[in-house]
Amino acid sequence: MSGATGAADGTGRTGGSHGSANISGQQQGGHTVTDTRQPPQPHHPPSAYAPPAPAAAPGGGGQSAAAAGVRRPRPAARTAPRTRKARLRVAKADPWSVMKVSFLLSIALGICTIIAVAVLWMVLDTIGVFSTVGSTISDATTSEGGKGGFDLVSFLSLPRVLTFTTVIAVIDVVLATALSTLGAFIYNLSAGFVGGVELTLAEDE
């Protein structure tokens with residue numbers, strides 16, 4: 001009975017002490033507990049470089065900007081331009097595309113030829129070349145009776161010259177197209193044996 005009573009007394013004392021500690025929250029074991037926590041402060045992240053120091057007075061012996069930890073801008077690095085090269089090989093030429101391109105180019109060349117001949121004829125006729133040369137040839141080919149002279153001016157008239165030039169241009173278109181297509185076939189046959197024409201292409205960066 002006495003042991004039970006002591007245990008009960010001890011339990012009651014302990015519970016009372018804990019209760020008093022929870023209620024007061026200020027005294028433990030006869031000592032006063034003081035809350036030393038400070039109110040929350042704003043967060044300041046650490047800086048990688050120290051802030052620039054104020055400029056020292058002349059003759060004051062202050063530290064330089066490099067000693068103060070001021071970051072100076074780094075000069076941009078100059079890179080030399082590089083050139084990329086690629087070695088390619090023309091293994092095959094499409095005859096159909098070669099024929100179309102050569103046909104258009106030959107037509108353009110024929111038109112340029114006709115225009116150039118017309119302009120040249122007008123320039124020569126303006127400066128009197130045909131009349132001078134025609135009179136000389138007519139005098140040389142005229143017989144004693146005054147007949148049989150060759151009229152160069154009528155022979156080299158502008159319509160006749162343009163007709164002759166147009167016929168030559170048409171023949172040139174046909175021949176150039178046919179020869180270019182035949183050349184494409186021959187190139188494909190030769191490329192099958194030797195590998196084709198190699199080209200080196202360069203690209204500047």
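Assorted remarks:
- Residues satisfying the stated conditions in region 161-187, i.e. within 15 Å of Met99 (Cα to Cα), small (Gly, Ala, Ser) and over 36 Å from the mean Cα position of the chain (by Cα): Ala176, Ala178
- Flag for Leu189 being open to solvent by 90 Å² or more (accessible area, probe 1.4 Å), closer than 30 Å to Ala86 by Cβ and of a type in the set (A, V, I, L, M): yes
- Among the residues making up region 95-131, those that are touching a residue at least 60 places away in the same chain (Cβ under 8 Å) and surrounded by 15 or more Cβ atoms within 10 Å (Cβ to Cβ) are Pro95, Val98, Met99, Ser102, Phe103, Ser106, Ile107, Gly110.
- In region 133-158, the qualifying residues are those that are surrounded by 11 or more Cβ atoms within 10 Å (Cβ to Cβ) and among the hydroxyl-bearing types (Ser, Thr, Tyr), and the one that is modelled with the highest pLDDT is Ser157.
The values are calculated or read from the model by the stated rules, or taken from the named source; none is laboratory data. If you're wondering where the values come from, they're calculated on a predicted model, not measured in any experiment. Virtual Cβ from ideal backbone geometry, glycine too; neighbours counted across all protein chains shown. Please note that ligands, DNA and RNA were not included when accessible areas were found on the heavy atoms of the full protein model with its side chains. Shrake-Rupley method; radii C 1.70, N 1.55, O 1.52, S 1.80 Å.
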